[in-house]
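Remarks on the structure that follows.
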């Protein structure tokens, strides 16, 4: 996150802790590197810091940090980027276990829920402590704060904040890191920030390289977008809908999506349209979840009332959000299909277009994958920070006859899809009776693909390594996908 997005308090805390990093200590702390892929100066360093873990829960923290790391990099989400990353876990002891909510907890970083009693935002309480803990790691490009709490919550920005929740912790972290890694805004409807590579203000979208065939610009209408965050024990929630008429292609299709907290069984809550009970599909849990009314897509034109009411009086059935859209009969719901799909902000106003309907985790929180546009964009963002060549090292070896030989070793990130070429200087063939022409650079085809080779005594001189990277996840390349470096042997 740019310094301009930090508050004055955050900037001061950040500057002070950076100033004294070399002398930074924290009694009882421990740092472990979970993933080591190369030198920090040419890798992206993630640092995971736990809050609300007591000394007795140190092992629990490191297990949680390892699980979150595996969820991100062993699974589909960030797996292809793994060779570019180092991951560090920092334990700092808290006096009390848990997360400040209705009850205040004495924790190392002071994370707290906002508003109290909700499963929503988790705010950084002590910026200086957070920066001090982060600076215990060997290096940090993206800090992650993990609250020792079993329920949904988090925040984006300078820190990607999440919880240890097995249900939602990784889900939140994937999404927030998607913002931070890609420097992009939301894809789901009802948000505030729509910007970056996954958003276009016009139908002239910048991701045409991923469109198969002719670009189809989709249309839709937002019928309702609401964030009640209401405990249904206080009473039902009603949403008035006005379904528009169809057109010559057919009637409108209605999409109803609901976000919840605490709906543990399908009996906990009833959803009705015009008094008729509806089926809804999703994951039942006491944590945050997301549901869809698949059988409600054929609502007739005109006015309807959507009602969400508590059925089981267990006191924890919270309605978080409701979004209702109307789609034309020929709308393309095909999974992963790239096109131009309309996005609506918190006021229900169309603000532009996103690349896919909903297969991307920047829109669908339950998804574990990015759309092709976000995926390609992250390669560009990462390689803007990282060089494809770490170093070229030359060491002296003894030959069979005792003569000095040189071993040349090219070090690169361990990426699949690297092409390695070597070049040297050679005097072109010429008339021996004439002065020799200037040497020209030629490719040493016998060294193609080699990271290590031996230079005989007669091979000494200047050489150039050229490394290029290609992947199916990128169609538009920049010069950052190419690196070159010279070495004298």
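The values are calculated or read from the model by the stated rules, or taken from the named source; none is laboratory data. Remember, predicted model here, so these are calculated numbers, not experimental data. We place every Cβ from the backbone using ideal geometry, glycine too, and count neighbours over all the protein chains shown.
Summed over the stretch 207-250, the residues that are surrounded by 13 or more Cβ atoms within 10 Å (Cβ to Cβ) and in a loop (DSSP other than H, G, I, E, B) give a count of 13. A search for C-beta distances below 7 Å between a residue of the stretch 469-483 that is in contact (Cβ under 8 Å) with a residue 60 or more places away in the chain and any residue that is part of a loop (DSSP other than H, G, I, E, B) and surrounded by 14 or more Cβ atoms within 10 Å (Cβ to Cβ), counting only pairs 6+ apart in sequence or on different chains, returns 469/388; 469/415; 483/387; 483/388; 483/389. Return the residue satisfying two criteria in turn: it lies in the stretch 266-314 and is touching a helix residue (DSSP H, G or I) at 6+ places or on another chain (Cβ under 8 Å) and under 18 Å from residue 235 (Cα atoms), and of such residues it is modelled with the lowest pLDDT. Among residues in the stretch 266-314 that are touching a helix residue (DSSP H, G or I) at 6+ places or on another chain (Cβ under 8 Å) and under 18 Å from residue 235 (Cα atoms), the one modelled with the lowest pLDDT is 313. Residues that are closer than 18 Å to residue 457 by Cα, at pLDDT below 90 and surrounded by 13 or more Cβ atoms within 10 Å (Cβ to Cβ) within the stretch 395-441 comprise just one, 405.
Checked against the criterion of being modelled with pLDDT of 90 or more, farther than 30 Å from residue 197 by Cβ and either under 35 Å from the mean Cα position of the chain (by Cα) or part of a strand (DSSP E or B) (or both), the candidates 475, 385, 464 yield just one match: 464. None of 422, 379, 453 is touching a strand residue (DSSP E or B) at 6+ places or on another chain (Cβ under 9 Å) and assigned to a helix (DSSP H, G or I) except 379. Mind checking which residues of the stretch 16-39 are more than 20 Å from the chain's Cα centre (by Cα), modelled with pLDDT of 95 or more and not in a strand (DSSP E or B)? Result: 26, 27, 28, 29, 38, 39. The condition (being without any contact (Cβ under 8 Å) to a residue 24 or more places away in the chain and touching a strand residue (DSSP E or B) at 6+ places or on another chain (Cβ under 8 Å)) is satisfied by just one residue among 142, 112, 152: 112. Look at (1) under 22 Å from residue 382 (Cα atoms); (2) assigned by TED's automatic domain parsing to the domain that holds residue 33; (3) surrounded by 15 or more Cβ atoms within 10 Å (Cβ to Cβ); (4) in contact (Cβ under 8 Å) with a residue 60 or more places away in the chain and you find that residue 160 fails only one, number (4). Only one entry in 61, 73 is assigned by TED's automatic domain parsing to the domain that holds residue 162 and buried (at least 22 other Cβ atoms within 10 Å of the Cβ), namely 61. Within the stretch 110-146, work out how many residues are under 23 Å from the mean Cα position of the chain (by Cα) and either in the same structural domain as residue 232 (by TED's automatic domain parsing) or in a loop (DSSP other than H, G, I, E, B) (or both). Qualifying residue count for the region: 10.
Taking (1) outside any helix (DSSP H, G or I); (2) at negative phi; (3) touching a residue at least 12 places away in the same chain (Cβ under 8 Å) in turn, residue 81 satisfies each apart from (1).
With a requirement of 2 or more residues that are in the same structural domain as residue 233 (by TED's automatic domain parsing), the strands (runs of 3 or more DSSP E) lying completely within the stretch 255-364 that satisfy it span 269-273, 288-292, 302-310, 318-327.
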